[in-house]
1. Test ARG175 against the criterion of being among the basic types (Lys, Arg) and without any contact (Cβ under 8 Å) to a residue 60 or more places away in the chain, and give yes or no.
2. Across region 9-60, which residue is farthest from ARG175 (Cα to Cα) among those that are basic (Lys, Arg) and touching a residue at least 60 places away in the same chain (Cβ under 8 Å)?
3. Anything in region 7-65 that is more than 20 Å from ASN116 (Cα to Cα) and among the β-branched types (Val, Ile, Thr)? List them, or say none.
4. Restricting the search to region 85-133, which residues are exposed (fewer than 15 other Cβ atoms within 10 Å of the Cβ) and part of a strand (DSSP E or B)?
5. Looking only at residues in region 64-84 that are of a type in the set (Gly, Ala, Ser) and in a loop (DSSP other than H, G, I, E, B), which one is surrounded by the most Cβ atoms within 10 Å (Cβ to Cβ)?
6. Please state which of the following conditions ASP149 fails to meet, knowing it meets all the rest: (1) of a type in the set (D, E, K, R); (2) within 16 Å of THR79 (Cβ to Cβ); (3) modelled with pLDDT under 95.
7. Going residue by residue through region 152-165, is there one that turns out to be surrounded by 14 or more Cβ atoms within 10 Å (Cβ to Cβ), more than 20 Å from the chain's Cα centre (by Cα) and not assigned by TED's automatic domain parsing to the domain that holds PRO216?
8. Does region 203-210 include one or more residues that are under 26 Å from CYS10 (Cβ atoms), in contact with a Pro (Cβ under 7 Å, 6 or more places away or on another chain) and assigned to a helix (DSSP H, G or I)?
Amino acid sequence: MSFVFEGRPCDSPFVESIWRTQSQQAGSFMSSADIHCGIVLSKYNGKTTVTVRGPETKATPAAFPADVEFLGIVFKLGTFMPHLPAKMVMDRHDLTLPEANSKSFWLHGEAWQFPNYENADTFVERLVREGLLVHEPVVDAVLQGHPQDLSVRSIQYRFLNATGLTQSTIRQIERAQQAAALLKQGTSILNTVYEAGYFDQAHLTRSLKRFMGQTPAQIAESSQSE
């Protein structure tokens, strides 16, 4: 089953995107690797669940019931919740926050009203204002190649603490995402190898199977069928 996602930008420097979708029937999908942390709300049978999610370093299968409404807030790379760091919630070790009542949930000792697609920006602003969402500037500096007046060990610690990932893993996941996008656009497998910077077709195949859960041929075929 394919989800139809609706997304919108956000003015917050802490947010990559805001999205929503709904499952029409029960099914499963392959959750691909991702470098971002975020929050997902799911509404099922009248009950809303808030889940904090971290990055994923490999593709894993995931199942879902019918008639679920999903809302996602994707944080920018380097943005995280200090009391729920990326390494704590990464690779599908999601943390579901306790429900306070039918309209709110508990977060860091306070009851918070469930955000929705329209007011998610306000929700993020409050998280930032109360120190529950921060951004690590070292991440941007490292990825942009800017020198830092810190020891190598300090830089590595702060980078890993904020993202849960090494620079190498981030590059590998982003390259796999680029390759998958090229294949979906109709680029041939051999040209994708070249354009995404893989050594050969076998290297591309290993990467996509690990990070996307599909071979290059499967990605290309699924795109054509859609």
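The values are calculated or read from the model by the stated rules, or taken from the named source; none is laboratory data. Because the structure is a prediction, the values reported are computed rather than measured. A quick note on method: Cβ atoms are made from the backbone with ideal geometry, for glycine too, and the neighbour counts reach across all protein chains shown.
1. yes
2. Of everything passing the filter in region 9-60, ARG20 is farthest from ARG175 (Cα to Cα).
3. Selection gives ILE35, THR57, THR60.
4. Across region 85-133, the qualifying residues are LEU95, THR96, ASN101, TRP106, GLU110, ALA111, GLN113.
5. This residue is GLY78.
6. So the condition that ASP149 fails would be (2).
7. yes
8. The answer is no; no qualifying residue exists.
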